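Nothing in this text is a laboratory measurement; each read-out follows from the coordinates by a stated rule. Please read all numbers here as calculations on a predicted model, not as lab measurements. Glycine gets a Cβ as well: all are built from the backbone with ideal geometry, and neighbour counts include every protein chain shown.
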Amino acid sequence: MPGDSPKSNIQGRQSAFTLVELLVVITIIGILIALLLPAVQSAREAARRMQCMNNLKQLGLAMHNHHAAHGAFPYGQNYKLGILSNSQKDRSCWFQQILPYVEQTSLFEAYTKHLADGGTVWWTPGRWTAISTFMCPSDPASPKVVTAGWSESPGGEPENSQGFSGNLVVCSGSTVFNPSDDPDGKQCNGLFYAESATRIEDIRDGSSNTIMAGELVLVPDIMAGIAQPGGDVSGQQQHDNRGRYWNVHQGTTLFSTLYPPNSTVGDRGTWCIARPQAPCQTKAADNLNNSLRSYHPGGVNAAMADGSVHFLSESIDAAVYRALGTRANGEPPLPF
């Protein structure tokens, strides 16, 4: 405009950003976000892992409260480890026995009343209740409250399923659950097995050197005719009963230290679905076994019999790890 000086025009142009400058700023911001995201993800996983450790501490405390009240830890599972008939109605495990000690007295009372009335444990009212103490937030499949249908249930919804499955399981020892000389799984060398009643004084290796509980990875069941992740529709239902608390047989809530954490050796069971994070050898009824598994980078959380919780590396010495699973094999103290 007339009267504007060249100096004022120059000052006006210098107050704006050029396109190149904006692109540089955007690039720098993008680089900073790219550098920050792994740190954020790492912090989130650290928080999830800490929550899993806290849940294991609560489990350990509940186990010791049960021991104080009853003189022993609860059984690993009721009945034998083999395939059970429908006449064996109380297919329960340690999970039901410690419900009163994790503020779930009403659910425990529903379970005992249902059995007293002639019902079966897998139809206990409220069995689909997801209890956070037994879950790990790092597992994308948790909570698992829907199971595939069977002859008595169409499945597809919690009320028609076989109950809540969780991430926390207890240690049977350092061998398969049912070796040839113990087909019913009643003589394992750890703390929990079929019809076990282990006492503190039975842990001659020391409670700080003996694993009580740890984590496993859940696998969703496949429903017939229902779309699966990725869009597939299965024509045949499939079960994965690892971690299933309300219809227990074949050691579904047990693990052993036979193989290291996150082992590539598949678990063995009659009903399981192989997944990269949870490999398995399905249709197997002998040499049954589950290993500790998690989504935590590099290892798993485990609670010892003294109530302490540790992170066990998946590269732990195999012999040391097996020794941690036994209660009275006479191994020397193990460093923690």
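Pairs of Cα atoms nearer than 8 Å and 6+ residues apart set the relative contact order; for the chain it is 19 percent. Taken about its Cα centre, the chain carries a charge dipole of about 420 debye when Lys and Arg each add +1 at the Cβ and Asp and Glu each add -1 at the Cβ. List the residues whose amide H sits under 5 Å from the amide H of R275, counting only those 5 or more places along or on another chain, with H placed 1.01 Å from N in the peptide plane. Long-range HN contacts for R275: C280.
Shape of the range 257-308 from the C-alpha gyration tensor: oblate (a/c of 1.5 or more and a/b not above b/c, with a ≥ b ≥ c the square roots of its eigenvalues). Across F177, F17, F311, mean-square fluctuation computed from a Gaussian network of the chain (C-alpha pairs under 10 Å connected) peaks at F17. By the beta-carbon count within 10 Å of each Cβ, the least crowded to most crowded order of E331, E21, fewest first, is E21, E331. Between V300, V217, V265, which gets the highest mean-square fluctuation from a Gaussian network model of the chain, Cα cutoff 10 Å? In this elastic network of the chain, the residue with the biggest mean-square fluctuation among V300, V217, V265 is V265.
Where is the GNM fluctuation largest for the chain (alpha-carbon springs, 10 angstrom cutoff): V170, V219, V24? Largest GNM mean-square fluctuation: V24. In terms of surrounding Cβ atoms within a 10 Å radius of their Cβ, L19, L115 rank from fewest to most as L19, L115. Within the straight-line cut-off of under 26 Å between alpha carbons, the lysines reachable from K57 are K144, sequence neighbours fewer than 8 places apart in one chain being disregarded.
Can you sort Y75, Y321, Y193 from fewest to most other Cβ atoms within 10 Å of each residue's own Cβ? Walk me through the numbers on the way to the answer.
Details: Y75 19, Y321 22, Y193 27.
Ordered by Cβ neighbours within 10 Å, fewest first: Y75, Y321, Y193.
Ranked by the mean number of other Cβ atoms within 10 Å of their residues, highest first, the peptides 78-89, 52-63 come out as 52-63, 78-89.
Taking every pair of alpha-carbon atoms in the chain, give the share separated by more than 28 Å as a whole percent. Write down the numbers at each step before the final one.
Details: 25426 of 56280 pairs.
Summing the P(r) tail past 28 Å for the chain gives 45 percent.
Principal axis extents of the Cα atoms in the range 177-336, from largest to smallest and rounded to whole angstrom, are 53, 35, 24.
The aspartates and glutamates within cross-link reach of K80, meaning a Cα-to-Cα straight distance under 12 Å and a gap of 8 or more places when in the same chain, are D90, D182, D184, E195. Amide H contacts under 5 Å for H249: none, restricted to partners 5 or more places along the chain or on a different chain, H placed in the peptide plane at 1.01 Å from N.
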